[in-house]
Amino acid sequence: MSTSTATGLARQRRRLAAAGFWRRYRTHRAGLVGLVALTLLALLALSAPLTVGPDVASVTGAPGRPLESPSGQFWLGTDRFGRDLLGLLVWGSRVSLLVGLLAAVLSVAIGAVVGITAGHFRGAYATVLMRVTDWFLVMPTLVLAIALATVMSRSLGTVVLAIGVTTWPTTARLVRAQTLAVESRPYIERAKALGGGHWHIMTRHVLPNVMPLVLAQTTLMISSSILAEATLAFLGLGDPTVVSWGGMLQEAREAGAVSSGDWWYLVPPGLAIAGVALAFTLCGRAVEAVLNPRLGVAR
């Protein structure tokens, strides 16, 4: 078989697999609702530079008076500087989604590497890795993230790093269990007998079999990462130069919105955080059910 023919067959199999995945995914109504919500939110975030622009975050050029209630001019009211809260909500979606995605990818990547290598090599190496994983599991994740964000510079990179390096143990445990199951299959023994090295076994045989689990875990981790970013920003540990939903809640707290009853300052960003976390969770559960039907996740 020629190389071009093999490549064509591989592409055809991938297209058929993608079509089959989408066909099964469509049967999960909750997953479709989450996907539609995330698509609309992504379009809103991508179009933010055109619809609201970076000037919406300017304090000196605020168009309204401080803490105006919702009106025809300002649909969600204004903040303590007189800025349009609807514009800030749209602009802040870019940071919240970006940080949540990057932190989730970093967390799952670390967990996948630890889980695959621990499941493959075993022995003392695996024992040490799993003890480190257990230590991270029993330590409060938020406390570790706060400690990292406190000692490092206040930036989006710090927030991503603080979330990513403290939330990987769950993924590592799941991936290791799946790796052990894959490594016990007969074709792995045949690959070793034919001279397959460690790198070949892990990348060509183990990784493709654990990728469905990694993909499902990534979608579920994004919602947790967005909540963690909002928490760090609310505690004043985020980047003060950017607008995010957690930062909006922190500013509302500093402005005394809770005691003064300025609900429009608190409710929109809080609902946005809860809504996007729910949407990612719905998508993650649907992906999990499609890739592993034995889980029996409800539709």
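With helices as the sole contributors, the chain gives -23500 deg cm²/dmol at 222 nm; each DSSP H run of n ≥ 4 counts as -39500 (n - 2.57), and the sum is divided by every residue. Scalar couplings 3J(HN,Hα) for region 50-65, obtained by applying the Karplus form with A = 6.51, B = -1.76, C = 1.60 to θ = phi - 60°, are 8, 7, 10, x, x, 5, 5, 8, 6, 7, 6, x, 4, x, x, 8 Hz; x denotes Gly and Pro.
Determine the per residue accessible area of region 42-169 with all protein chains present and a 1.4 angstrom probe, expressed in square angstrom.
On the way: 6200 Å² over 128 residues.
With the other protein chains kept in place, region 42-169 gives 48 Å² per residue.
What the phi angles of region 179-186 give under the Karplus curve with 6.51, -1.76 and 1.60, with θ = phi - 60°, is a coupling list of 5, 4, 5, 5, 5, 8, 7, x Hz, glycine and proline written as x.
I want the local charge near PHE234. Using Cβ-Cβ distances under 12 Å, sum +1 for each Lys or Arg and -1 for each Asp or Glu among the other residues. List each step's numbers first, then the result.
Details: positive: ARG253; negative: GLU229, GLU251, GLU254.
Summing Lys and Arg as +1 and Asp and Glu as -1 gives -2.
Against the main long axis of the alpha-carbon atoms of the chain, helix 85-121 sits at an angle near 20°. Sorted from longest to shortest, the spans of the Cα atoms of region 142-299 along the three principal axes equal 71, 41, 21 Å. The tail of the calculated P(r) for the chain beyond 28 Å holds 50 percent of all Cα-Cα pairs. Once both axes come from the Cα atoms, what is the angle between helix 263-291 and the longest principal axis of the chain, in degrees from 0 to 90, rounded to 10? Here the helix axis deviates by roughly 10 degrees.
Can you pull a Stokes-Einstein diffusion coefficient for region 1-155 at 20 °C (1.002 mPa s), Rh from Kirkwood over Cα pairs, as a whole number of µm²/s?
Values: Rh = 21.0 Å.
Taking Rh from Cα pairs, D becomes 102 µm²/s.
Give, as a single signed number, the net charge of other residues whose beta carbon lies under 15 Å from the beta carbon of LEU215, with Lys and Arg counted +1 and Asp and Glu -1.
Result for the neighbourhood of LEU215: +2.
Here the spin labels are modelled as points 7 Å beyond Cα on the Cα-Cβ line, and at ARG154 and TRP22 they lie 4.5 nm apart. Each residue of region 217-232 was assigned a 3J(HN,Hα) from its phi angle through the Karplus expression (A = 6.51, B = -1.76, C = 1.60, θ = phi - 60°), giving 5, 5, 4, 6, 6, 4, 5, 5, 5, 5, 5, 5, 5, 5, 5, 5 Hz with x at Gly and Pro.
The values are calculated or read from the model by the stated rules, or taken from the named source; none is laboratory data. Just so it is clear, the model here is predicted, and its values are computed rather than measured. Note: ideal-geometry Cβ built from the backbone for every residue, glycine included; neighbour counts use all protein chains shown. Just so you know, the surface numbers come from the protein's heavy atoms only, side chains and all, with ligands and any DNA or RNA stripped out. Shrake-Rupley method; radii C 1.70, N 1.55, O 1.52, S 1.80 Å.
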